[in-house]
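Read-outs: derived from the displayed coordinates by stated rules, not from any lab. None of the values given here were measured: they were computed from a predicted structure. Here Cβ is always computed from backbone atoms with ideal geometry, including for glycine, and neighbour counts include all displayed protein chains.
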Amino acid sequence: MTPHHPPADPAPGDAFHPHLPGPEPTPAHDPAPLRNRLHHIRANALDGDTAQTGGMQRFAAISGHRVGSERIWMGQTHVAPATASANHHHGESETAIYVVQGHPEFVFADNTDGHREEIRLRTAPGDYVFVPPYVPHREENPSPDEEAVVVIARSTQEPVVINLPSL
């Protein structure tokens, strides 16, 4: 009977601590494709260079550009105290929202019973909101002194934002 020898380790590290390039590789500098590894995006490394709407600021964490995602975008939105965003929708993208801080309000026009009515969803930390594709809406922060912060996930790899003159 021949003794069993484990295979040689092909690279430094082990299954829990593999040798990977720096924390923020780019496709041009990373020899391994973005989709062949996990990505850790630190809270202080969010990217503000993303689609914006007046009255709010979006920061990308997960996107096709940053990590190679194909069907999801995720990030944060900040709305300053006593501020409302411009009216907008997100095209074909579904949007899921998780309220982290503050009491943001989400406003949209409902036409389900034949007459137009403005609906206001008042939220609190821990609440979720779902925004279907093409539904015009805006975010408002009625607090005079607390910023509203939400985490957003979208069903497209990059944020789709179409700013509108009204709801």
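Suppose R0 equals 45 Å; then what is the FRET efficiency for Leu38 and Thr112 from their Cβ-Cβ distance, rounded to the nearest 0.05?
So, using R0 = 45 Å, E works out to roughly 0.60.
Show the residues, 5+ positions off or on another chain, whose built amide H is closer than 5 Å to the amide H of Ser69.
Under 5 Å from the amide H of Ser69 lie the amide H atoms of Ser63, Gly64, each far enough along the sequence or on another chain.
So, in nm, how far is label Glu70 from label Glu158 when the simple model puts each one 7 Å beyond its Cα toward the Cβ?
About 1.7 nm separates the two model spin labels.
Calculate the all-directions average of the projected area of region 36-167's alpha-carbon convex hull, and give it in nm². Before the final figure, lay out the partial values.
Values: hull surface 33.3 nm².
Computed as one quarter of the Cα hull surface, the answer is 8.3 nm².
Please compute one quarter of the surface area of the Cα convex hull for region 90-167 and express it in square nanometres.
Orientation-averaged projected area of the Cα hull: 5.7 nm².
Multiplying the sequence separation of Tyr98 and Ser166 by 0.36 nm and subtracting their Cα-Cα distance, what value in nm do you get?
On the way: separation 68, 0.36 × 68 = 24.48 nm, distance 2.45 nm.
Using 0.36 nm per residue and subtracting the Cα-Cα distance, I get 22.0 nm.
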